[in-house]
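Have a look at the structure below before the remarks.
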Amino acid sequence: MTRRTVSRPWADALTLGYPATGPSGAGPEPQGAEAVSLKQVPSFWLGSTPVYGDLVLAPMDGYTDQPFRMVCRRLGAALVYTEFIHAVAVVERPERVRHLWAFTPAEQPVVLQIYGSTPRMLLEAALRLQEFGPAAIDINMGCPDRRIANRGAGAGLLRTPLKVARIFRLLSRQLEVPVTAKIRLGWDDDCRNYRLIARIVEENGGALLAVHGRTREQGYKGRADWDAIAEVVQTVRIPVLGNGDVRTVADIERMKAHTGCAGVMIGRGALRNPWLFARRDRVQVPPEEVAQVLREHLEANLRFYGPRGLVLFRKFAVQYLAPFRPDSTLRRQLLTTEAPQEFLRLAEKVLGGHKSPNPSPRPGALV
């Protein structure tokens, strides 16, 4: 079969995944030997694409949209994933999900994640999405939602290793972009088949694995099993991203040391603190910088979503402001106002008078 090359002009001029000091990405650039080293030695490769940095934004339904991905890239994320996209919708109802795969060159490298249970439908969706020039197409094999997993998609694929092999063999042979996977440790404690799935993905052309250290049955309960992630790292030669229970800079370093992973994928921890991508804990981020990022994120939401942008931004705002303990009146006003300028005024009122955020918000405070 003749393979057509997908144009990716951004690949030769990737934004360096270097921690910035503000949302604009402006900040002290690495100098001298450090700069040369960072530019010449990628943390890992995604197919033929070098990834300069070891911190990755995880795919999160309802959260990793274009505005939030840009915030994370500007703060230092070296690679970002979209929300998951239903393969059937890509093929049959693209107008309904087009916003999910929309991305800008400034976000690159960006991975488009799809989910489904039918190899041919996944292939058709991937063929259509690769036309937009993503860094890779990712197959979701980690979503624990019963509505998805019980139908054989998401984490449900972990119960059908032969189908996983067929999916990756099919896609890796017909796509011009790399195919990757995000997996969990298995369906439940009786079916922890993560090493088998990892080998299948690699042997059938997968270019990278992201491993969440819990089973589907666990959901997000209990502790992530970093030992299992380390086993995957030892099992395959393709890059492995460790995921699960990364909330602080210390967690990042512990994950890397414990597992030997090529990179750390950050999900829920990035919602409260996108500055993790700059290796900064929330306590280190002054209110003025929170206000700046919050404002730019809201403005991006309004540009992307139009009038719905403020309502869709509230879930991010509660995370930005939670450490500052807004009182009940301000919380109610923030979550009900429909005027962007009034929202910003209220947010600035919350942030005003704080010299540093309190890293331990009281229970129920805007979370």
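What the table shows:
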read-out	value
Relative packing of 207-214, 318-325, which averages over residues the other C-beta atoms within 10 Å, highest first	207-214, 318-325
At 1.002 mPa s and 20 °C, Stokes diffusion of the range 232-318 via Kirkwood alpha-carbon radius, µm² per second	145 µm²/s
Förster radius 25 Å - calculated FRET efficiency between Arg128 and Glu203, Cβ distance, rounded to 0.05	0.45
Relative contact order of the range 256-351, defined on C-alpha pairs under 8 angstrom at six or more residues apart (%)	24 percent
Between 0 and 90°, nearest 10: helix 226-235 axis offset from the chain longest Cα axis	40 degrees
Matching label, Rg and Dmax of the Cα atoms in Å computed from the structure shown, candidates (1) 20.2, 65; (2) 22.7, 72; (3) 22.3, 80	(1)
Over the chain, relative contact order from alpha-carbon pairs under 8 Å, at least 6 apart, %	13 percent
Where labels lie 7 Å past Cα in the beta-carbon direction, separation of Lys221 and Arg96 in nm	3.2 nm
Using θ = phi - 60° and Karplus 6.51 cos²θ - 1.76 cosθ + 1.60, couplings along the range 159-165 (whole Hz; Gly, Pro as x)	8, 10, x, 5, 5, 4, 4
Amide H contacts under 5 Å for Thr180, placed H, 5+ residues apart	Ile137, Asp138, Ile139, Ala207
Amide H partners (placed H, <5 Å) of Leu79, local residues excluded	Leu57
Non-local Lys pairs in the chain, i.e. 8 or more apart or on different chains, that have alpha carbons under 20 Å apart	4
FRET efficiency, Val311 to Glu231 (Cβ-Cβ, R0 30 Å, nearest 0.05)	0.10
Rounded to 5, percent antiparallel among DSSP beta bridges of the chain	10 percent
Whole-number D in µm² s⁻¹ for the range 73-116, Kirkwood Cα-pair radius fed into Stokes-Einstein, 25 °C, 0.890 mPa s	218 µm²/s
Cβ-Cβ FRET estimate between Arg146 and Arg268, R0 fixed at 22 Å, reported to 0.05	0.65
Under 20 Å from the Asp190 label point (7 Å along Cα→beta-carbon), backbone N, the range 148-178	149-153, 155-162
J(HN,Hα) series, the range 250-259, from Karplus relation 6.51 cos²θ - 1.76 cosθ + 1.60, nearest Hz, glycine and proline x	4, 4, 4, 5, 5, 4, 5, 5, 6, 9
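Read-outs throughout are calculated quantities, based only on the coordinates presented, and are distinct from any laboratory measurement. Keep in mind that what you see is a predicted model, and the values were worked out from it rather than measured. Note: ideal-geometry Cβ built from the backbone for every residue, glycine included; neighbour counts use all protein chains shown.
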